[in-house]
Amino acid sequence: MIPKPATDKPDDTGDRPAEEESRTFLCVVDETEELHQALRFACRRAKRTGGRVALLYVIEPAEFQHWMAIGNLMAEERREEAEEMIQVVSSVVQKLSGTTPVIYIREGKLTDELMELIENEGGISVLVLGAATGSGNEGPGRLVSYVIKRIGKLPIPVTIVPGGLSDKDIDAISG
């Protein structure tokens, strides 16, 4: 008997290989324009492979915390903003991927919290980031620049989605 070649497609019974079932695509939720491209790519890949999307939102400490009461109020407001944004992004993930995302809300420095999550959360399979489209010396964005410098030390692959891709372009390469 000749074995069937391995493919990226499910077989006729609808079963998917076990390694694909556990695939989790992590997106960092922030206020950048390129979040849309990264999120769409991650959702399409998760749906295609039977995986899931995970969302990380990091509440960074306020620069100015001169008075404790004001600092506490600012922290509470940032937490509420984080939860609202996560709800909006979660509904997009649900619509595009057909599954409820895994949600991580952390407090601290974005780069530190991202690296800690990747190192300590064994279920994350791929980090998906969107690259900024700005011209000039701005580069691909602070998070992409940070991750690129450490890419050889990361325990998971990183997918960087160009921020200038249209939905049609993303659908063509992610399906």
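Data table
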read-out: Sorted peptide list for 162-175, 92-105, 48-61, criterion being average Cβ within 10 angstrom, highest first; value: 48-61, 92-105, 162-175
read-out: All-pairs alpha carbon distance profile, the range 19-174, 5 Å steps from 0, percent; value: 2, 9, 18, 21, 21, 15, 8, 4, 2, 1, 0
read-out: Of LYS47/LYS153; LYS109/LYS149; LYS47/LYS109, those spanning more than 20 Å from alpha-carbon to alpha-carbon; value: LYS47/LYS153; LYS47/LYS109
read-out: Value of relative contact order over the range 19-174, rounded to a whole percent, pairs C-alpha under 8 Å and six or more apart; value: 32
read-out: ARG48-MET115 pseudo-label distance in nm [points 7 Å out on the Cα-to-Cβ vector]; value: 3.1
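Laboratory data are not the source of any read-out in this text; all were calculated from the coordinates shown. Keep in mind that what you see is a predicted model, and the values were worked out from it rather than measured. So basically every Cβ, Gly included, is an ideal-geometry build from the backbone, and we count neighbours across all protein chains shown.
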